[in-house]
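The values are calculated or read from the model by the stated rules, or taken from the named source; none is laboratory data. Quick caveat: nothing in here was measured; it's all calculated off a predicted structure. A quick note on method: Cβ atoms are made from the backbone with ideal geometry, for glycine too, and the neighbour counts reach across all protein chains shown. In case anyone asks, the SASA skips ligands and DNA or RNA and just uses the protein heavy atoms, side chains included. Shrake-Rupley method; radii C 1.70, N 1.55, O 1.52, S 1.80 Å.
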Amino acid sequence: MRINKYIFGLVVAMAGLFVSCDTENEGVIYTAENEGVTFASSALQGVEVPASNPLFTVDLLRGDTKNALSGSISAKGTIVVGEDAEGEPITQNIEGIKVSNYSFAPGENITSVNVDISPLPVGYVMTLTLTIDDEKNVAVSGKKAATMKCSKAYEWKSLGKGTYIDNWVGCQTEVEIFKADGFDRYRVMKPYESYLKTPEAAASWENWISTSSAEYIEFWTQDGSIYFDDYYTGLNYQGDSSQPIYVCHPSGWSSLRPNIPNNKWIDAKTAQFAPYYYIDGLGGWNYSGSDGVIYVILP
């Protein structure tokens, strides 16, 4: 199956899969009244830590440094474990997240606390909220709480060389494939890179070809179906770098969720993706109801 990019028009634009949010990345601007403690931002950068050492630090700031100051931080972690009948996420609290107390020496305006996410299972992304416990220690207009995404890193082992086939793009490439030790989770390395450098790709896609593409694809089995993180084809719609074409899982749209089972294992070594090729805010080509679009063949 090969798609001519000039014949197939864009589907009517659907609700965007990629949602941006205001993360309040600016830190506190201190004034004479700002005498207490604050997080640098209410939305901190996410972290991934190795499962063997699931620790990281978070900075705290303060404006008035004359005296020593100490206090405690509480933590609440939640993960998504499924969906209810209406397609809404079902969450579960992760108990036992540990955060050290903070302590500023006289003259110090920055310190850090240690966070231990040992109770978080590998394979989940946790939403972690840290809160300064003592209200009187919080800076005027400061950020008492901060939220971030946390996960544990898998230990990846190479399975050897496999094959990646994307019949919509028109590529078939030899790829290295890794498996997460102890988990039904895989990484397909540089799926488009070699193809996009070929004369065949240049003839088919011309100036749509970007200088970069997905570093890897990560996919896994969940509830009997294959899920994958959305990834970049290395093609830009009409050659516009602001309009990258992504391979997207149908779970990103409520109307396409009935097609999730089309993402499946064909046999013990062959995984099938039934994607929506999507351009953020514009639309795309929906093959979530189709077979034979993308295959990953394990070594």
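Couple of notes before you dig in:
- Long-range amide H partners of V49 with built H, under 5 Å: S151, K152, A153
- Residue-by-residue Karplus 3J(HN,Hα) for region 250-261, coefficients 6.51, -1.76, 1.60, Hz, glycine and proline x: x, 5, x, 10, 4, 6, 9, 4, x, 8, 3, x
- Estimated FRET transfer efficiency when R0 is 25 angstrom, pair D240-E86 (beta carbons, to 0.05): 0.10
- Taking label points 7 Å from Cα along the Cα-to-Cβ direction, S52 and N114 give a separation of 1.9 nm.
- Taking 0.36 nm per residue of separation and subtracting the Cα-Cα distance, full extension of the segment from W265 to T211 would add 16.3 nm.
- Peptide packing: for 266-276, 67-77, 186-196, the average count of neighbouring Cβ atoms within 10 Å per residue gives the ranking 186-196, 266-276, 67-77, highest mean first.
- When the chain is described by a simple charge dipole with +1 on each Lys and Arg Cβ and -1 on each Asp and Glu Cβ, the residue from S254, A75, F219 located farthest towards its positive end is F219.
- Accessible area of the chain belonging to carbon and sulfur atoms, whole % at 1.4 Å probe: 49
- Working note: Cα gyration tensor of region 89-211, eigenvalues times five, square-rooted, sorted largest first, giving semi-axes of 46, 21, 14 Å.
- Taking a point 7 Å out from the Cα of A68 in the direction of its Cβ, the residues of region 101-126 whose backbone N falls within less than 12 Å of it are 103-107.
- Overall, the chain carries a charge dipole of about 540 debye about its Cα centre when +1 sits on the Cβ of Lys and Arg and -1 on the Cβ of Asp and Glu, all other atoms neutral.
- Label zone of K197 (point 7 Å out along Cα→Cβ, amide N under 16 Å): in region 230-246 this covers 234.
- Between the amide H of K269 and any residue lying 5 or more places away or on another chain, no distance stays under 5 Å, with hydrogens modeled in the peptide plane.
- Fraction of beta bridges assigned by DSSP in the chain that are antiparallel (%, nearest 5): 95
- With the helix formula -39500 (n - 2.57) applied to DSSP H stretches of n ≥ 4, the chain reaches a computed 222 nm mean residue ellipticity of -1000 deg cm²/dmol.
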